[in-house]
Amino acid sequence: MGFGTLRLMQRYSFFTLARNALTRHQDWARAWRSPPLRPSYDVVIVGAGGHGLSTAYHLAKEHGVSNVAVIEKGWLGGGNTARNTHTIRSNYLRDVSIRFHDASVKLYEQMSAELNYNILFSQRSMIDLVQSWGKLRDLRRRSLAMALHGPTYQLISVDELRRRIPAMGDLQNVRLPPLAGVLHPEGAMARHDAVAWSYARAADARGVEIHQHTEVTGFLSDARGAVVGVETSRGVVRAGKVALATAGNTSHVIARAGLTLPLVTRNLQAFVSEPVKPIIDVIVNCPDVGLYVMQSDKGELVIGGGTDPYPSYRQGCHFATFEDVVASLIEVFPRFGALKMLRQWGGAIEFAYDASPIISATPRDGLFVSTGWYGGFKSIPIGGLTFAHLIATGRPHALAEAFTLGRFGGLRYLLEAGTVAQR
Ligand SMILES: Cc1cc2nc3c(=O)[nH]c(=O)nc-3n(C[C@H](O)[C@H](O)[C@H](O)COP(=O)(O)OP(=O)(O)OC[C@H]3O[C@@H](n4cnc5c(N)ncnc54)[C@H](O)[C@@H]3O)c2cc1C
């Protein structure tokens, strides 16, 4: 593995802003380079979403591996990283999941300072609205499990719920009257583009190359069947190791290496309203009816629900799902019925059969995969850090030992669902 040198990264600060204002902002350094594609690298990462870029950054930073190419078929950060509703949380059930996601939240807390890029991290807390006895039992169990590890998930009364979310209606005529709330103070949001851009800039400064508009179309193998490179739309690139961070495209990309993974692909959609004055200052999640809503810094309400009920690679909007989510929204927040919707979109997400991530070596030597992210924006910092560790050392990181493909052979499933509506 080659050890690259740290290039000088232009620091963003009040003084650089003032200095560049004097020259009409003509002299800003490029955030990352566009170098020519070379014929070989120590590591090729496929996919320049948050996970691929975070992995590249951590490979260079923690392991000194900077002879790395991140190869992206579109533009960096333009996949699901651009399509998600940027919710960050660590309210999980299994010990390994809680530890993993708690570490991710902690990395998010320092990310703006570490990468010298304002990711607009806003730790405004998340509140789950509980509307069924089954969900109350489920979330109470989750709260007790989390108490063993540090992140907070605390039951609150309906009165407290009303106090914290005054925009809610009186909830007298809802299908499922609320029984309680659960408060998760670590719940946060951050600007998704900035997360991708900040990792891209910091990885580039450490010598990593990012190649956009380059599609990986196949894999090179040696006589033993090990993966030793990729075929791309711009030619063949050899690599000591190949790492897939292709999110919702992983099933069909890895099929070109002759492998099938335990993944389901579904469309998940979101939409935003016209901007309004500040009305809701927490992230509200209603797992019983399949709805979550928060207000962006621009004032738009960002709204989402569960996935479409059937597998597909669609990236659009299924009207029945949209209608379902909006019906739930108006029931809980009747006043939002007067709002106009501004935009709607969807993304194909691939999640593992047990809804936990896969960060693993594969049966093909030299080929590694990070996938299965149901809600993987929140996991970008720790997903990249642990994937980089696996690629560099060949051993899973202590926080991600449970997330290898081996768990499916041995039926050691890590079932994680429940804070989102699953159909
Ligand atoms: C509507 C919606 C809302 C969501 N909300 C949340 C949320 O609130 N919180 C949360 O934590 N998560 C959320 N998610 C999930 C989150 O967006 C993803 O888990 C996360 O972005 C995955 O990051 P990634 O880097 O793995 O994937 P991506 O950003 O999709 O990156 C993968 C990249 O691989 C590239 N690629 C694919 N195939 C090839 C190829 N053959 N050659 C080269 N490049 C290739 C793609 O172009 C893409 O840029 C949401 C997803 C959607 C769709």
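The values are calculated or read from the model by the stated rules, or taken from the named source; none is laboratory data. Fair warning: this is a prediction, and the values are worked out from it, not measured in the lab. Here the Cβ positions follow ideal geometry from the backbone for every residue, glycine too, while neighbour counts run over all protein chains shown.
Numbers below:
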quantity	calculated
Those residues of segment 224-242 which are under 18 Å from G394 (Cα atoms), among the aliphatic types (A, V, I, L, M), in a strand (DSSP E or B) and in contact with an Asp or Glu (Cβ under 9 Å, 6 or more places away or on another chain), in sequence order	V227, V228, A239
Of all residues in segment 60-71 being within 15 Å of the ligand (Cβ to nearest atom) and closer than 13 Å to D204 by Cβ, the one that is surrounded by the fewest Cβ atoms within 10 Å (Cβ to Cβ)	A69
Hits in segment 261-283 - residues which are of a type in the set (A, V, I, L, M), away from the ligand (no atom under 13 Å from the Cβ) and at pLDDT 95 or above	L261, V276, I279, I280, V282
Qualifying residue in segment 131-140 (condition: surrounded by fewer than 21 Cβ atoms within 10 Å (Cβ to Cβ), part of a strand (DSSP E or B) and among the small types (G, A, S))	no
Residues that are more than 14 Å from the ligand (Cβ to nearest atom) and basic (K, R), drawn from segment 77-94	R94
Test: residue in segment 243-260 that is closer than 30 Å to L414 by Cα, more than 9 Å from the ligand (Cβ to nearest atom) and in a strand (DSSP E or B)	yes
The lone exception for S97 - which of (1) within 11 Å of the ligand (Cβ to nearest atom); (2) within 24 Å of L414 (Cα to Cα) it fails	(1)
Every residue from segment 257-310 that is among the β-branched types (V, I, T) and within 16 Å of Q344 (Cβ to Cβ)	V272, V293, V302, I303, T307
Residue in segment 214-224 that is more than 8 Å from the ligand (Cβ to nearest atom) and closer than 21 Å to G384 by Cβ present	no
The listed residue being within 25 Å of A188 (Cα to Cα) and in a helix (DSSP H, G or I), out of I330, I349, I391	I330
Options I391, I358; residue that is more than 16 Å from the chain's Cα centre (by Cα) and surrounded by 22 or more Cβ atoms within 10 Å (Cβ to Cβ)	I391
Of the criteria (1) under 29 Å from A402 (Cβ atoms); (2) away from the ligand (no atom under 11 Å from the Cβ); (3) of a type in the set (A, V, I, L, M, F, W, C), which one C286 fails	(1)
Residues of segment 100-111 that turn out to be more than 12 Å from A188 (Cβ to Cβ) and either part of a loop (DSSP other than H, G, I, E, B) or more than 15 Å from the ligand (Cβ to nearest atom) (or both), as a count	1
Meets criteria (over 19 Å from the mean Cα position of the chain (by Cα), over 25 Å from R395 (Cα atoms) and either part of a loop (DSSP other than H, G, I, E, B) or aromatic (F, W, Y) (or both)) for R24	yes
Residue in segment 193-212 that is over 24 Å from A388 (Cβ atoms), under 21 Å from the mean Cα position of the chain (by Cα), in a loop (DSSP other than H, G, I, E, B) and within 16 Å of the ligand (Cβ to nearest atom) present	no
Single residue of G376, G346, G366 found to be closer than 30 Å to A60 by Cα and within 9 Å of the ligand (Cβ to nearest atom)	G376
Every residue from segment 161-179 that is modelled with pLDDT of 90 or more and exposed (fewer than 15 other Cβ atoms within 10 Å of the Cβ)	R163, P166, P177
Total residues in segment 97-120, condition of a type outside the set (D, E, K, R) and farther than 13 Å from G383 by Cα	11
The lone exception for R412 - which of (1) more than 12 Å from the ligand (Cβ to nearest atom); (2) crowded, with 17+ Cβ neighbours inside 10 Å it fails	(2)
Any hit, segment 258-273, residues being small (G, A, S) and under 30 Å from D365 (Cβ atoms)	yes
Hey, L183 part of a strand (DSSP E or B), at pLDDT 95 or above, over 24 Å from the mean Cα position of the chain (by Cα) and on the phi < 0 side of the Ramachandran plot or not	no
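Per-residue answers, yes or no, for (1) within 20 Å of H86 (Cβ to Cβ); (2) touching a helix residue (DSSP H, G or I) at 6+ places or on another chain (Cβ under 9 Å); (3) surrounded by fewer than 19 Cβ atoms within 10 Å (Cβ to Cβ):
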residue	(1), (2), (3)
I283	yes, no, no
L291	yes, yes, no
M294	yes, no, no
G304	yes, yes, no
Y310	no, no, yes
R335	no, no, yes
L342	yes, no, yes
G347	yes, yes, no
